[in-house]
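Engineer: Sharing a structure below in structure tokens format, with a few things to ask.
No value in this document is a laboratory result; all are computed from the given coordinates. Note that the structure is a prediction, hence the values are computed from the model and not measured. Virtual Cβ from ideal backbone geometry, glycine too; neighbours counted across all protein chains shown.
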Amino acid sequence: MEADQEGGEVTLLDLVGNEDRGYEQADQKMLIEKAFQVLNEREKEILQCTYYENLSQKETGEKLGISQMHVSRLQRRALQKLRDSIRIEPTEIF
């Protein structure tokens, strides 16, 4: 196509051949959004507080008016639901 600053030729493959992490991030976001559909509102709130707002379980409990122990149980249950929802069985691939 044209020469770069060092005088070397730049081909179309050089320009197009780079890996774009944006696609992978978009795929992961869509997967997470789909997986979150299995959660109830309280579970979504707890994961929002603990993972997106970086609140501790105690702080999350105070914010939501429940105990830290209850936050822990609900968080564990929510994470298990997410794991189960994104698990792909070998028969589902084909």
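Engineer: Please compute the Cα-Cα pair-distance distribution of the range 40-87 with 5 Å bins starting at 0, giving whole percents from short to long.
Structural biologist: Per 5 Å bin, starting at zero, the Cα-Cα P(r) for the range 40-87 comes out as 5, 25, 35, 22, 9, 4, 1 percent.
Engineer: May I pose another question? May I ask which residue of S85, G65, N40 lies farthest towards the positive end of the charge dipole of the range 40-87, with charges of +1 (Lys, Arg) and -1 (Asp, Glu) on Cβ and the Cα centre as origin?
Structural biologist: Of S85, G65, N40, it is S85.
Engineer: Taking the number of other C-beta atoms within 10 Å as the exposure measure, put E45, E62 in order starting with the fewest.
Structural biologist: On the way: E45 17, E62 14.
Exposure proxy ranking, most exposed first: E62, E45.
Engineer: Continuing with the same structure: At a Cα cut-off below 16 Å, give the lysines reachable from K63, other chains included and same-chain residues fewer than 8 away excluded.
Structural biologist: Of all the lysines, those that pass the test against K63 - Cα under 16 Å, at least 8 places apart if same chain - are K44.
Engineer: Quick check: net charge around N40, other residues with Cβ under 13 Å of its Cβ, Lys/Arg +1 and Asp/Glu -1? Could the numbers behind the result be given before it?
Structural biologist: Values: positive: R42, K44, R77, K81; negative: E41, E43, E45.
Its environment carries a net charge of +1.
Engineer: Distance in nm between label sites at L64 and L79, each 7 Å beyond Cα in the beta-carbon direction?
Structural biologist: 1.4 nm
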